[in-house]
């Protein structure tokens, strides 16, 4: 077993160039990454640990979500978390303390910057658990450096950013898991629902309703003094400058989900926060992991829910519903959430349960995977040389749904979307396409 190594000067210089390319890609249309990547770095060589060697992992961003995740990685005796970086020194230190306490030895240390993690050739994989606006740059740089990536959801802040992440992961041929863990967990409720839909149990799907929150609002938090151990410019990253406020970046380790999730500068609101889970299941059930809808139709009355997506086959998906995911077919309905799954004939939720729609697969029906956990699937994918259940491409396509939804609410007019070209077409296309990317603030 070995501890984290000091990155060589050559590796660091190469990674700095990769990081610059990654950052630049965020403010451009997707093809820019394809042009820029080969010149930035030689083709990455993904490190394969020897059979008796522990896989070396590092965490970028140690807030509440990383606090929840890290134990699942440490449940696997074949991995070691060796480095943690966070813009708040107290959080990085607490992460290191927890890892070393669990392993009962000093295996993990604080590093000054996520770029040092990417530059370290001994690290095999990274966990990106930053706020959403900080997913793309480290995820792209890590992939380009040949490291496997587990990235929290929603995958990206903009559609062009998501495309850049997915392209980088594909080009580098690394294993990439997006943290939409409903595909793997929650008593397989969502797996059973997706399986039933794919197997035609409730007939032809007519519509799907998705119960998630609303679009984000502009950040209006007041200025507060910034603690000395928080790198505020580092927290802001590509986002426009806004003065420090602890609601965005909590002081020290915390046990809550911070309110940056409400503000459009850093994320896509409650709509995307849970939409990255529930829209993901709808896309999965429809077999749309590589595609998406063709029309975005916001409500005419200015409501904050009720936007409709239309797929090429006529299926409608509606933002807003009585539970997480409701699939309505010509023969019956399936409702599912993290805590329940039920099915019944017809469309009336008052109808008596009819479990035949969600019985186990039989005969020639398609069975979906039952993972022991989302983390376990990611680690197995690395070891087995296969894709995990929620790749960068899949995570990008789900994040795109959320971003299309916000664009629809912002422009308030029906829009046509081409999921192959990932561009709006027809009336209103110019204004909508302008919202598929954002300016990137220069930052360290």
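The values are calculated or read from the model by the stated rules, or taken from the named source; none is laboratory data. No experiment lies behind these values; they were computed from the predicted model shown. Methodologically, a virtual Cβ is constructed for each residue, glycine included, from the backbone with ideal geometry; neighbour enumeration extends over all protein chains shown.
Computed quantities for the displayed model
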{"read-out": "Helices (runs of 4 or more DSSP H) fully within the range 1-115 counting 2 or more residues that are at pLDDT 50 or above and surrounded by fewer than 16 Cβ atoms within 10 Å (Cβ to Cβ)", "value": "64-74, 89-103"}
{"read-out": "Entirely in the range 122-224, the helices (runs of 4 or more DSSP H) that have 3 or more residues that are crowded, with 24+ Cβ neighbours inside 10 Å, in contact with a helix residue (DSSP H, G or I) (Cβ under 7 Å, 6 or more places away or on another chain) and outside the structural domain of residue 65 (by TED's automatic domain parsing)", "value": "189-198"}
{"read-out": "Output for the range 225-240, where each listed residue is without any contact (Cβ under 8 Å) to a residue 40 or more places away in the chain and either crowded, with 17+ Cβ neighbours inside 10 Å or in contact with a strand residue (DSSP E or B) (Cβ under 6 Å, 6 or more places away or on another chain) (or both)", "value": "226"}
{"read-out": "Yes/no for residue 386 being in a loop (DSSP other than H, G, I, E, B) and either surrounded by fewer than 14 Cβ atoms within 10 Å (Cβ to Cβ) or at positive phi (or both)", "value": "yes"}
{"read-out": "Matching residues, the range 293-305, being in a loop (DSSP other than H, G, I, E, B) and at negative phi", "value": "293, 294, 298, 299, 300, 301, 303, 304, 305"}
{"read-out": "Single residue of 370, 338, 362, 308 found to be in the same structural domain as residue 407 (by TED's automatic domain parsing) and touching a strand residue (DSSP E or B) at 6+ places or on another chain (Cβ under 9 Å)", "value": "308"}
{"read-out": "Subset of the range 241-259 (residues that are loosely packed, with under 14 Cβ neighbours inside 10 Å and more than 15 Å from residue 226 (Cα to Cα))", "value": "255, 256, 257"}
{"read-out": "1 or more residues within 30 Å of residue 424 (Cβ to Cβ) and touching a residue at least 60 places away in the same chain (Cβ under 8 Å): qualifying strands (runs of 3 or more DSSP E) within the range 306-369", "value": "308-310, 316-319, 325-329"}
{"read-out": "Condition broken by residue 328, with the remaining ones in (1) closer than 30 Å to residue 387 by Cα; (2) crowded, with 18+ Cβ neighbours inside 10 Å satisfied", "value": "(1)"}
{"read-out": "Test result for residue 256, part of a loop (DSSP other than H, G, I, E, B) and within 27 Å of residue 440 (Cβ to Cβ)", "value": "no"}
